[in-house]
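Report on the structure given below.
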Amino acid sequence: MEWYVDSRSGDDANDGRGPKTPFKSVQHVVHVAKAGDTVLIAPATYDQNLPKQISALRAANIAVAVLGGH
């Protein structure tokens, strides 16, 4: 499963399953993603401690990528 996060256009009430319905916060996706999933994060400003959240996701065997990142 791929999960999308975009703090600019997202909403944690969205389903997070596509670029048109992203979650707003990484914290929200931490609660729904499971091992083997991928989290795609849009470049933006995030209120959370992003490195800590990404570490938690990766520790749970969830792949994380920044959209448009290199």
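What follows draws every value from the coordinates through simple rules; no lab data is involved. Keep in mind that this is a model prediction, so the values were computed, not measured. Cβ: placed from backbone, ideal geometry, glycine included. Neighbour counts: every protein chain shown.
Out of all the residues in the stretch 13-30, which are over 19 Å from ILE62 (Cα atoms) and either within 11 Å of the chain's Cα centre (by Cα) or of a type in the set (Lys, Arg) (or both)?
The one that is over 19 Å from ILE62 (Cα atoms) and either within 11 Å of the chain's Cα centre (by Cα) or of a type in the set (Lys, Arg) (or both): LYS20.
Would you please name the residue that is surrounded by the fewest Cβ atoms within 10 Å (Cβ to Cβ), looking only at residues in the stretch 34-67 that are under 20 Å from THR21 (Cα atoms) and small (Gly, Ala, Ser)?
Result: ALA65.
Would it be correct to say that VAL5 is touching a helix residue (DSSP H, G or I) at 6+ places or on another chain (Cβ under 7 Å), free of Cβ contacts under 8 Å to residues at least 60 places away in the same chain, buried (at least 17 other Cβ atoms within 10 Å of the Cβ) and within 14 Å of VAL64 (Cα to Cα)?
yes
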